[in-house]
Amino acid sequence: MNTTVQDLQRRLIALGFQLPKYGPDGDFGGESIAAMGKALDELVEWRQRDQVHFPTSDRKLSPPTFLPSPTIPADWMPDAKISRIIFHWTAGQNKASDLDREHYHILIDGDGKLVRGKPSIALNSEPKAKAGYAAHTLNCNTGSIGVSLCGMAGAVESPFNPGTQPITRMQWEALASVLAQLCTRYSIPVDRKTVLSHAEVQPTLKITQRGKWDISRLPFDTSIQGAIAIGDQMRAMVKSRL
Ligand SMILES: [Zn+2]
């Protein structure tokens with residue numbers, strides 16, 4: 001097997017790692033090498049936690065099948081009456097900040113790792129959210145779990161620019177796994193009104209949201225556009241994990 005540094009870099013980028021691009025002349029400096037080393041360390045760590053399943057055959061040139069499936073700790077999912085899950089992006093950095101953690105129950109860092117938000121899911125339980133609940137969706141917090149992908153600081157909707165902290169495919173895959181576990185725990189069916197992005201709340205649930213835009217583009221897959229189309233893709237991914 002004859003793998004070049006560019007091959008390695010391309011494969012790591014395909015897995016969702018953000019790496020500095022090597023120059024057009026194929027020149028890569030210490031920064032690129034260091035970033036690749038860090039990415040490989042993370043992959044090793046993921047594998048040690050049994051969150052990446054490498055294929056046992058066909059190891060040649062295709063990238064490994066990457067299926068992040070982080071497990072939500074049981075104590076993050078207390079008894080509560082929950083009827084929907086709304087997923088977001090934070091519009092912040094790829095790492096959850098203290099402020100990000102105030103607004104959501106579960107956050108997913110850029111590398112797919114889970115971070116617990118400050119409010120308990122129990123505070124958003126029906127029939128009425130209690131003081132200190134996670135305020136993630138205007139007029140739609142009772143009975144709603146909020147999950148957020150860390151990233152998209154400075155992103156612009158049109159013309160689309162994902163900013164300096166785009167959400168990654170790794171986060172997207174981890175989200176599908178998180179949603180599937182929550183649906184199972186709280187007996188939530190997977191349909192457009194029960195598992196949806198913040199961007200779908202206004203068109204689907206008819207609950208007006210203030211001008212903030214949300215998941216209607218994916219930086220790692222521009223072939224799919226629009227809140228509902230992206231939501232449908234995620235719902236299909238969740239169903240495949242149930
Ligand atoms: Zn949102």
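Please compute the modelled spin-label separation between D221 and A135, points set 7 Å along Cα→Cβ, answer in nm with one decimal.
3.4 nm
Holding the Cα-Cα limit at 24 Å, pick out from K95/K118; K38/K113; K81/K206; K113/K206 the pairs that are longer than that.
Going by Cα-Cα distance, K113/K206 fall outside the 24 Å limit.
Could you calculate the FRET efficiency of D79 with L40 from 1/(1 + (r/R0)^6), where r is the beta carbon distance between them and R0 is 51 Å, rounded to 0.05?
Efficiency, from the Cβ-Cβ distance: 0.80.
Could you rank the peptides 174-183, 80-89 by their average count of other C-beta atoms within 10 Å per residue, with the highest value first?
Highest to lowest by the protection proxy: 174-183, 80-89.
Give me the one-decimal nm value for the distance between modelled label points at K118 and E102, 7 Å along each residue's Cα-to-Cβ direction.
Reported label-point gap for K118 and E102 is 0.5 nm.
In whole Hz, with x marking every Gly and Pro, tabulate ³J(HN,Hα) for segment 93-103 from phi via Karplus 6.51 cos²θ - 1.76 cosθ + 1.60, θ = phi - 60°.
7, 6, 10, 5, 9, 4, 5, 4, 5, 6, 9
As an exercise, use a Förster radius of 41 Å and the Cβ-Cβ distance of K193 and Q6 to find the FRET efficiency, rounded to the nearest 0.05.
0.35
What do you get for chymotrypsin sites (Phe, Trp or Tyr not before Pro) in segment 112-217 restricted to DSSP loop and a cutoff of at most 14 other Cβ within 10 Å of the site's Cβ?
F160
Quick note: the coordinates plus some simple rules give every number you see, no bench work behind them. Everything numeric here is computed off the predicted structure, so don't read it as measured data. Note that each Cβ is placed from the backbone with ideal geometry, even for glycine, and that neighbours are counted across all protein chains shown.
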